[in-house]
Each structure stands twice: as structure tokens, then as C-alpha cells.
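A.B. asks: Sharing a structure here in C-alpha cells format.
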Amino acid sequence: MTASIGEGPHRHHAHLDPLAALRAPGDPPWDVYLTGTVFLDIIFTGLDSAPVRGTESWARGMGSSPGGVANMATALARLGLRTCLAAAFGDDHYGEYCWDELKVGEGIDLSPSRKVPGWHSPVTVSMAYEGERTMVSHGHEPPPEEPAPDCPPRARAAVASLTPGRREPWIAEAAKQGTRIFADVGWDETGAWDLAGLADLEHCEAFLPNAEEAMRYTRTDCPRAAAHALTEHVPLAVVTLGAEGAYAVDGRTGESAGVPAIAVEALDPTGAGDVFVAGFVTGTLAEWPLADRLAFAGLTAALSVQEFGGSLSAPDWSEIGAWWRKVQSYECQDPAALIRYAFLEGLVPEEGVEPWPRRRAVPTIGFRRPG
């Protein structure tokens, strides 16, 4: 479990490469490939409660950041993975801001992406209060051309969101090239909850539903039983359990692991699921033990919910290192808890390494980053 500190793309700050020891000539140019819709997220914070019909609510804070598939892309890039994104961007100010933030700010490769003249960028307004969120979205019909190329670029892994009853041709093509597919799924609005309807699951190495989704798909009443049942359809099943952590089963080896969640004060859960997947993908590509992958994924998600916004709340290695040093300084810290995260010792940057800028959701678009 070794990693190196180097210069990340478009950055002049410490950048940790968790795959440094595994890289070899002839490797795919990208660690992870993604495709999907980029939203502009506008987040209202400091609300005392949910808006009430017929009244006006004032928020004490507001921020903007790229959202949608940008949440996952940013989380992966901040963990040091070479990330490639295929998406459509509007040619309005919203699209320009999102493009700049992802390409220049995060070093994400957007060469398969395109800017669409006359297309309005999709927008989501998120209201965060009491650790929960309420969202309102707006968007025009997407461009007729799919942003995903017929032949996706070579990558070690890809993250896909499965849709019941629909195949995405790029998934099969990527798997044929040797790309390892990690998949999540949204709520099944049809109510069928039929695994046979997730046709692309046959191309996936790992499936990462939440507990409710896993139990509905497997007709079980226990998330752990659901995880074991899912391994009949996919090699690796990871079920997130909310405040109880996560549980995973590798059907190829029979190994299972469960890791409790880290107790934190959640300000905004937006994007936490994407950050969890990004952390698990990172650990898997780095060939860590299953329990370490779960612990790392849960840690990155826990750090993200302590900040407002989706993509720009994702932690980087300097923040992970700061957390690790801080928890070791507590006199009453549970030794067993420290042992669970001891694998970080050989990974996180030393104290004093120049951190990445902690860019968070900005008050509004249009401001220039310093420097």
C-alpha cells in the first residue's frame, strides 16, 4: 500500500497517486471513465426548516458547484485517479463555469465531452437543513446525440448508473476492452424491482446499491442477506447501510466484510453516495483488502457530508491526512477504531505537505479563483 506525492494535472499542489506502485507501461491512459449529465447545483444553506407553502424563507448561506455526474468525477479526481468524463455542456454561463471548474480546477479530462450551442445547462436548487435536503431541478430536453462515445476510451474502471429496462451500449463495449465496471442504481419508479431488468449488470464487476434497493431487488428482509444474494448476479456486492456503515461480499472468494459508519455532524448529504463509490473504486484499483476499501469509502463519505454542496465537498488526501492525525490525538480514542484505519498510515501525506486548495461551493458563479 504505497503511494507517491507528485504534481497532478493543472495543479501546483501536492497530489497523491494511490496507484503509483501498480502503474506500468501499456496501462490504459485513464483510471476511471464516466458519462452522464452535469448539473449546476445551487445550494441554499442555513435554513432552519423546510420551506413552508405560502411563506418566504431566507437562507443564511448559498453556494454553487457542478453537480450530477460531476459529483463522482470530482471525488475520483481528488483521490488521485486519472478521470475522464463524457458529458454535454450548455454554452451558457452555467456550462462555462462547470466546464472550467472540472477541467481546470480538478484536472478532469473532458476530451470526450462537448459544448452544445443553444442548450440550457440543467440546474438543481438544493436546500439543506437539519442534515437533510430538498431539491428542485430544471432542464430542457438533452441534445439528441449521446455524450457517451460508441467506443469509450480505455480505462482501468468505469462507473455506471444502471437504469431498469434499458441497456447502455458503452458499458458492454467498455467491459469488452477489459474495463472493470462499478455500478449503482436509482430508485425503480416502475416498482418491479427485477434484477433481470438491469441488463447491464452482467458486465459489472461490482454493484453498490443501498440497503433498501438491495432488499427489494433480492426479496430479502436483511441487507446482509441481500448482499450475499446479489453475488449470484455480480461478482462483488456492496450494500450501504446508512448510519450503520456498509457490508460487502465477494462472491469469487467468499470473503465478506462489514464496517461501521463514522459518527459525524452531517450538514449536507448531497453527493455522499458518489463519494462512497469513488472511495471504494480507489481502494479496489489499489488492490486493498475488502474491509479497508469499505472503511476508506465510508470515511471519504463522512468527510464530505460535513461540508455543503456535492462535488466540491469531496475530500482530498490532505484532508484525509488531517483527519487521521486528528483522531490519533484524542486521549480517549478507542484503540480498536484506530486499528481499523491504520492502513492510512502509509498512504496519507506527511503533515506540512502543501494541501490542495480547499475549494468549496462558491457564493455565486462569475467570481474568479485567486491566482
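The values are calculated or read from the model by the stated rules, or taken from the named source; none is laboratory data. Only a predicted model underlies this, so the values are computations on that prediction, with no experimental measurement involved. For neighbour counting, all protein chains shown are included, and Cβ atoms are generated from backbone atoms with ideal geometry for every residue, glycine included. Heads up: the accessible areas ignore ligands, DNA and RNA and are worked out on the full protein's heavy atoms, side chains in. Shrake-Rupley method; radii C 1.70, N 1.55, O 1.52, S 1.80 Å.
A.B. asks: Given the structure, is Pro142 farther than 23 Å from Gly273 by Cα, out of contact with any strand residue (DSSP E or B) (no Cβ under 6 Å at 6 or more places or on another chain) and touching a residue at least 60 places away in the same chain (Cβ under 8 Å)? Give the steps one after another, and end with the answer.
C.D. replies: Numbers: farther than 23 Å from Gly273 by Cα: yes; out of contact with any strand residue (DSSP E or B) (no Cβ under 6 Å at 6 or more places or on another chain): yes; touching a residue at least 60 places away in the same chain (Cβ under 8 Å): yes.
The answer is yes for Pro142.
A.B. asks: Starting from segment 41-66, take each residue that is more than 26 Å from Tyr97 (Cα to Cα) and list its partners that are loosely packed, with under 13 Cβ neighbours inside 10 Å, counting only C-beta distances under 6 angstrom and pairs at least six apart or across chains.
C.D. replies: Final answer for the pair search is none.
A.B. asks: Here's a follow-up. Please return the ranges of strands (runs of 3 or more DSSP E) entirely within segment 127-244 where 3 or more residues are closer than 30 Å to Ser64 by Cβ.
C.D. replies: On the way: elements: 132-138, 155-162, 180-185, 236-240.
Once the strands (runs of 3 or more DSSP E) in segment 127-244 are filtered for at least 3 residues that are closer than 30 Å to Ser64 by Cβ, what remains is 132-138, 155-162, 180-185.
A.B. asks: Taking only segment 24-78 into account, find how many residues are open to solvent by 10 Å² or more (accessible area, probe 1.4 Å), within 26 Å of Ser318 (Cα to Cα) and of a type in the set (D, E, K, R).
C.D. replies: 1
A.B. asks: Answer yes or no as to whether Gly107 is open to solvent by less than 70 Å² (accessible area, probe 1.4 Å), out of contact with any Gly (no Cβ under 7 Å at 6 or more places or on another chain), closer than 17 Å to Thr35 by Cα and not in a strand (DSSP E or B).
C.D. replies: Numbers: open to solvent by less than 70 Å² (accessible area, probe 1.4 Å): yes; out of contact with any Gly (no Cβ under 7 Å at 6 or more places or on another chain): no; closer than 17 Å to Thr35 by Cα: yes; not in a strand (DSSP E or B): yes.
In short, no.
A.B. asks: Same structure again: Note down all Cβ pairs under 7 Å where the first residue falls in segment 219-230 and is without any contact (Cβ under 8 Å) to a residue 60 or more places away in the chain, the second is of a type in the set (A, V, I, L, M) and assigned to a loop (DSSP other than H, G, I, E, B), and they're at least six residues apart or on different chains.
C.D. replies: Correct list of pairs: Pro223/Leu241.
A.B. asks: Sort out which residues of segment 137-164 are open to solvent by 50 Å² or more (accessible area, probe 1.4 Å) and at pLDDT 90 or above, and write them in order of number. Don't jump to the end; show me each part of the working.
C.D. replies: Step one: list which residues in segment 137-164 are open to solvent by 50 Å² or more (accessible area, probe 1.4 Å), which gives 137-138, 140-142, 144-146, 150-151, 154, 161, 163.
Hits for segment 137-164 are Ser137, His138, Arg154, Ser161, Thr163.
A.B. asks: Here is a follow-up. Pairs needed: first member in segment 115-130, touching a residue at least 40 places away in the same chain (Cβ under 8 Å) and open to solvent by 40 Å² or more (accessible area, probe 1.4 Å); second member anywhere, among the polar types (S, T, N, Q) and outside any strand (DSSP E or B); C-beta distance under 8 Å; at least 6 residues apart or different chains.
C.D. replies: Within 8 Å, the pairs are Glu130/Ser49.
A.B. asks: Pairs needed: first member in segment 232-247, farther than 13 Å from Glu212 by Cα; second member anywhere, at pLDDT 95 or above and among the polar types (S, T, N, Q); C-beta distance under 7 Å; at least 6 residues apart or different chains.
C.D. replies: Filtered contacts from segment 232-247: Ala237/Thr231.
A.B. asks: Before we move on, is Leu294 of a type outside the set (Gly, Ala, Ser), at pLDDT 80 or above and within 15 Å of Pro18 (Cα to Cα)? Even if it seems obvious, please write down each step before you answer.
C.D. replies: Numbers: of a type outside the set (Gly, Ala, Ser): yes; at pLDDT 80 or above: yes; within 15 Å of Pro18 (Cα to Cα): no.
So Leu294 does not fit the description; no.
A.B. asks: For residues that are surrounded by fewer than 11 Cβ atoms within 10 Å (Cβ to Cβ) and hydrophobic (A, V, I, L, M, F, W, C), scanning just segment 313-371, find the one that is modelled with the highest pLDDT.
C.D. replies: Filtering first and then ranking leaves Ile339.
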